[in-house]
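The structure under discussion appears below in the form of structure tokens.
The values are calculated or read from the model by the stated rules, or taken from the named source; none is laboratory data. Since the structure is predicted, the reported quantities are computational estimates derived from the model, not experimental observations. Here the Cβ is made from the backbone with ideal geometry for all residues, glycine too, and neighbour counts use every protein chain on show.
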Amino acid sequence: MLATKQEQRKKTMVSEERNYIVKTVSDAKTIAMSWLKTINLENVVFLGLPEIDDRYNVWRISLKRESRGSKIGEIVVDAYSALIDGSKTTKPKLLEIRLLKKNEQSIRKHRPIEYSISPLRNTIGQGNSADLLEDMPALSVDLIFTSPPYFNARPEYSEYEDYLHEMRQIIRKTYRVLADGRFFVMNSSPVLLRRATRSESSRRIAVPFDLHRIFIEEGFEFVDDIIWVKPEGAGWATGRGRRFAADRNPMQYKAVPVTEYVMVYRKKTNLLIDWFIRNHPDREIIEKSKIADGYEKTNIWRIQPNTNSKHPAAFPKELAEKVIRYYSFQNDVILDPFAGSGTVGAAAVSLNRRFVLFEINEEYVKMICQDAQQWLGKEFDNVLLINCEQASESQQFCFL
């Protein structure tokens, strides 16, 4: 007993010395329970005593089937960021299998997998996507395509780590609503931070590469890196390259950026792509969804940027249409958690898909609602409007 108290005092001292965010056993339990709630296992899984692993600066919380039962997995929490380490935490499916006391092979053998058609209707929601996603049914989205706000685009992103933390929360919560084996496509690019004074240097932050790490840690598989190429003149607005163009001195060279990344990820599954094509219940939809000639044959896509939008960073509808065509079937549900001016919704409707659009800016939501009335005509009355002033009684209630 004495040794246990001494160890606890030592752990507390380590957490204070290293300035951990997660300092106590109670903090670790709270974070672990919140994670269990996101996967609907908070009432059937018991937490063991959290232990700090100061070699790796993480908390380890064992998971049990019964309060005094054997361990069936663990949750690993980064002590500095308070985030769940998805690469080290036991996967939800494995926990479910162990709770049922069955192995994966027996589940596959006795319960054949059925193709599920999402019941969601077209939806426009105003608010923080992290909150709105929590109310969505699990496995109800067929494709996610988005372009998150640039770092420093909002006051709450004053620190880059805050930005990455927010992106991780969205990616983690979309994992639950995205159907197994379906795609998450994200458009992003490095961000230029201009120098504050002449004595400082400007710098670029490689945002896509940090986001890639988060996707992998949160359970997605990398599929493709598509390079969106804009006309050469599009990059001069950043100011990069002008000094070199004038002086031509070595070490001053900076390439003018005219590209963005369209990164393609797939939610992990044992199902091959062919399974979705063979098992889709509507063969007519499969036929109508086939890609016509003139498709992109390489990962270099040359597309004009959108210069006519009221949104300061709108991507072109052509880009959204290509992604939607290549990674979804007709009638599928397309989610954009950072909807902006609603380009993904417009593209989805034009390609006979459904949409779910979340946007935090009230003015942009009003813009989306006005435009959606043009996309849909009378069918706009069936759109679910969440936290929107324009919502009628029939446009509220639930996603289904």
Q: For residues that are within 25 Å of GLY340 (Cβ to Cβ), exposed (fewer than 14 other Cβ atoms within 10 Å of the Cβ) and in contact (Cβ under 8 Å) with a residue 24 or more places away in the chain, tally how many sit in region 263-310.
A: 5
Q | Condition check for PRO137: out of contact with any strand residue (DSSP E or B) (no Cβ under 9 Å at 6 or more places or on another chain) and assigned to a loop (DSSP other than H, G, I, E, B) | A | yes
Q | region 181-234: number of residues that are more than 25 Å from ASP142 (Cα to Cα) and at pLDDT 85 or above | A | 7
Q) Within the bounds of region 372-386, is there any residue that is of a type in the set (Asp, Glu) and within 24 Å of SER188 (Cβ to Cβ)? A) no
**Q.** Top-ranked residue in region 355-378 [being more than 19 Å from LEU132 (Cβ to Cβ) and without any contact (Cβ under 8 Å) to a residue 12 or more places away in the chain; ranked as surrounded by the most Cβ atoms within 10 Å (Cβ to Cβ)]
**A.** GLN373
(Q) Pairs please, first residue from region 141-153 and assigned to a strand (DSSP E or B), second anywhere and at pLDDT 95 or above and basic (Lys, Arg), Cβ atoms under 9 Å, 6+ apart in sequence or on different chains. (A) VAL141/ARG182; ASP142/ARG182; ASP142/ARG353; ASP142/ARG354; LEU143/ARG182; LEU143/ARG353; ILE144/ARG182
(Q) Anything in region 330-348 that is more than 20 Å from the chain's Cα centre (by Cα) and crowded, with 20+ Cβ neighbours inside 10 Å? List them, or say none. (A) ALA346
